[in-house]
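Presented below is the structure to which this report refers.
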Amino acid sequence: MSNTYLIYAKRTPIARIGGSLSKLRPDDMIANLLIDFKNQCSFDLKEIDDVIVGCANQAGEDNRNIARMATILAEYPFEVPGVTINRLCASSLDGLIDATARIQAGFGDCYLVGGVESMTRGPLVLSKPSSSFGRDSKMYDTTFGWRFPNPKMENLIPLYGMGETAEEVADQYKISREQQDKFAYDSQMKAVRAWDQNLFDDEVITQTIKLRKKTLTVERDECPRADTSLELLAKLRPAFRKDGTVTAGNSSTMNDGAALLAVVSEEFLKRHKLTPVLNVTGGATRGVHPNTMGLGPIESTKRLMKRFNKKISDFDIVELNEAFAAQSLACIEGLDLDPKIVNPLGGAIALGHPLGCSGARIVTTLFHQMNKDKNLKQALASMCVGVGQGVSVSFENC
């Protein structure tokens, strides 16, 4: 692979569903990050070859190619195109692979890769009746999970919800409730500590939202819980199966947020005298059984290591998206990862998981950790994907 560099990585704060970003449309959310990049950009924006945005919902205000809508809202030159892609939770991480591959193929030299999700504003959708004046319409909540399921698929596999797939993984890997709660507690404490030590300051862009009678300023992630404890987590009831071990406390939350990366070729970097932070050194995707979708990172990372001649011991830091504590623990075991290098600043259980944003979010967090600590030489970002997939990308510190 020729060198492909990340020169910029920023994100919004991550808000709870119905929280402080609920008044902000998703196209405005990603547009705000595009404006931030524009304001610090040292080259003509017309040199951007494409804006690739990951989004999982695309049923409401994020429809009609949110990437293109956001570039217009950010008042980019009309010559700058935009495309929206959907690999559910890993949409924006897949967008990074897409941009890297385009640069490698010579299709372009500069790409912005973003991800956005407003789970708050995901609409209710109504199916059309099967016949004129029919009475069999169904309403679906597009916030999360299955909608308009194909009966043929139901004959092939049980259409488990995400929480049920975490229960399947917990059963398969013999992961106890206590282990899951401890993992979730640690994630919360790491995130709280990181915010207390101002470790997210460089990556988070304050959002200013103009309301009818006041202006709302959002500066911090809303989900980290300094007041939680193992005792409180132990009191929560199983959320998905009567005798299960997966609870609201050891699962990621539903959220609103956006993130943006800038990826350039080596020639572009030198021509504009830009400062690189990370070099993309590999990427891979892989499928697993939908009922154990949380194991996706194991297979995608194994494929990455085989294709790009890497070992787990090569990685000094890993950002593993915490869909659930059960699947995170299973991936740590399945890949033989050192838990100490996984999500040093906390993960999605504490910080939140705004679906299409999360891939770009974990890379943004990785970007700033490695920029501050040059002893972190190589890194891995990986995440599971609903309906049974995994996506992994590796990096080298510049």
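For residue 82, list long-range residues whose amide hydrogen, built 1.01 Å from N in the peptide plane, is under 5 Å from its own amide hydrogen.
51
In what sequence do 338, 62 fall when counting other Cβ within 10 Å, fewest first? Numbers along the way, then the final one.
Values: 338 12, 62 29.
Fewest-to-most Cβ neighbours within 10 Å comes out as 338, 62.
Under a 10 Å cutoff between Cα atoms, tell me which one of 222, 231, 61 has the largest fluctuation in the Gaussian network model of the chain.
Looking only at 222, 231, 61, the biggest GNM fluctuation is shown by 231.
Per residue of the stretch 313-321, in order, report the coupling 6.51 cos²θ - 1.76 cosθ + 1.60 (Karplus, θ = phi - 60°) as ³J(HN,Hα) in whole Hz, putting x for Gly and Pro.
After applying 6.51 cos²θ - 1.76 cosθ + 1.60, I find 5, 5, 8, 8, 8, 9, 9, 10, 5 Hz.
Stokes-Einstein at 37 °C, 0.692 mPa s, Kirkwood radius from Cα pairs: D for the stretch 233-365 in µm² s⁻¹?
My calculation gives 195 µm²/s for D.
Could you run the Karplus curve 6.51 cos²θ - 1.76 cosθ + 1.60 with θ = phi - 60° over the stretch 125-139 and give me ³J(HN,Hα) per residue in whole Hz, x for Gly and Pro?
10, 10, 6, 6, x, 6, 8, 4, 6, x, 10, 10, 5, 10, 9
Whole-Hz ³J(HN,Hα) for each residue in the stretch 257-272, computed from phi via Karplus 6.51 cos²θ - 1.76 cosθ + 1.60 with θ = phi - 60°, x for glycine and proline: what do you get?
Karplus values, whole Hz, x for Gly and Pro: x, 8, 8, 9, 10, 10, 10, 9, 7, 5, 5, 5, 4, 5, 5, 9.
If amide H atoms are built 1.01 Å from N in the plane of the peptide, which residues on other chains or at least 5 residues away come under 5 Å of the amide H of residue 113?
So residue 113 has HN proximity to 52, 261, 262, 263.
Considering amide H positions built from the backbone, and no H for Pro or chain starts, which residues 5 or more places from residue 377, or on another chain, come under 5 Å of its amide H?
316
Return P(r) of the stretch 1-116 (all Cα-Cα pairs; 5 Å bins starting at 0; whole %; ordered from short to long distances).
Spelled out bin by bin, the stretch 1-116 gives 2, 11, 22, 25, 21, 11, 5, 2, 0 percent.
Please arrange 195, 146 by how many other C-beta atoms lie within 10 Å of their C-beta, fewest to most. Intermediate values should be presented prior to the final figure.
Details: 195 20, 146 15.
Lowest count first: 146, 195.
For the chain, just the Cα set please: Rg and Dmax, both in angstrom.
Every Cα atom of the chain included, Rg and Dmax give 20.3, 67 Å.
List the lysines whose Cα sits under 25 Å from the Cα of residue 372, skipping any in the same chain fewer than 8 residues away.
Filter leaves 10, 38, 190, 270, 273, 310, 311, 340.
Taking the highest mean first, how do the peptides 359-365, 269-275, 129-135 order by number of other beta carbon atoms within 10 angstrom per residue?
Values: 359-365: 29.6, 269-275: 13.3, 129-135: 7.9.
Averaged packing, sorted descending, gives the order 359-365, 269-275, 129-135.
FYI, it's all coordinate maths here, none of it is from the lab. A quick note: this is a predicted structure, and the numbers were derived from the prediction, not measured. Methodologically, a virtual Cβ is constructed for each residue, glycine included, from the backbone with ideal geometry; neighbour enumeration extends over all protein chains shown.
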